[in-house]
1. Only Lys, Arg, Asp and Glu count, each charged at its Cβ (+1, +1, -1, -1), so figure out the dipole size of the protein assembly as shown about its Cα centre, rounded to 20 debye.
2. Would you mind giving the mean number of other chain beta-carbons within 10 Å of the Cβ of each residue in B:7-14, as a whole number?
3. Tell me which of A:Val53, A:Leu156, A:Ser70 sits at the most positive position along the dipole axis of the range A:30-160, charges placed on C-beta atoms (Lys, Arg +1; Asp, Glu -1).
4. Where does each of B:Thr10, A:Thr17 land when they are ranked from fewest to most other beta-carbon atoms within 10 angstrom?
5. Using unit Cβ charges (K, R positive; D, E negative) and no other charged atoms, how large, in debye to the nearest 20, is the dipole of the range B:7-85 about its Cα centre?
6. Given the range B:1-107 reduced to its alpha-carbon atoms as identical point scatterers, what log10 I(q)/I(0) does the Debye formula return at q = 0.13, 0.19 Å⁻¹?
7. How long, wide and thick is the protein assembly as shown, going by the Cα atoms along their three principal axes, in whole angstroms, largest first?
8. In what sequence do B:His51, A:His69 fall when counting other Cβ within 10 Å, fewest first?
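Rule-based calculations on the coordinates, nothing more; no lab input. Since the model is a prediction, treat every value here as computed from it, not as a measurement. Please note: Cβ atoms are built from the backbone with ideal geometry, for glycine as well, and neighbour counts cover all protein chains shown.
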Amino acid sequence: MITTTKRHTLTTPTDRTIRVEREFDASRDRVWRAYTEPELVAQWWGRGNKVVVERDEGRRGGHWRYVEHSPDGEVNGFEGRYREIIPKDRIVRTFEWDGMPGYTILETAEFFDAGEGRTRVVSTSLFFSPEERDGMLQSGMEGGMAESFAALDRLLAEVR
Amino acid sequence: MVQYPSDLDTAFAAVADPTRRGVLERLGRREASISELAEAFDMTLTGMKKHVSILEDAGLVQTQKVGRVRTCTLGPRRLTAEAAWIADYQRMVEARLDSLGAFLERTKGDQP
């Protein structure tokens, strides 16, 4: 029985955000390692299911992909990219489940020293719809394409 | 025409709160009055009214007042794949933190 971990608190500060807070009887160092060392991640991330850490490039822009294998043979892949990693402080990364492609979640895990060797983890998840994500990509792309065409125009004018 | 919020917003309104998840489940079995729901979920009438009105705005529940009783039934909108995903994700995050707690307990004193 675990008596040393407090029950999580769950709140939704804004629409589309899920926030879960938990305190662990373990140092920030140990909690950080559990989150970032692939062989340790494999031991808890699957909630009892086997986890294969296929990729875990723990740096800004790096990819991660974990695959869960449940006892009944079900396989579920999860993946994304790291946006920010500040050692022992916070991890920000995108999260996507193979079963709902396009539904990106921005996950932030923050680690706080809670005193007496304890650590508080605050996990915040922000949901995006595929339309929003496509919209973001498209607006960026349109701007980029206009610039590219302008550059091409200039080049063609020069070589005429 | 009634303007409903987007699927994702609707899904969030419905399932990010455990009481609202429960209300939808219960109304899926049969209709209930607000006071019956308040009693079933051990909450004040005002509190339950708030939950029901959020579900009503999302089109997931509809209410009808007959005499002094407001009866709730499931609305014209159904929960989408998004809603199931959000609920699953939320359970997953909680289970993962439970699992992390158990792991940290288990490996206590393994190494410095």
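1. Dipole size: approximately 720 debye.
2. Whole-number average of other-chain Cβ neighbours for B:7-14 is 3.
3. Working it through, the farthest residue towards the positive pole turns out to be A:Val53.
4. A:Thr17, B:Thr10
5. 300
6. Rounded to two decimals, the profile gives -0.53, -0.93.
7. If we take the Cα atoms of the protein assembly as shown, the spans are 79, 69, 40 Å.
8. So the ranking, lowest neighbour count to highest, is A:His69, B:His51.
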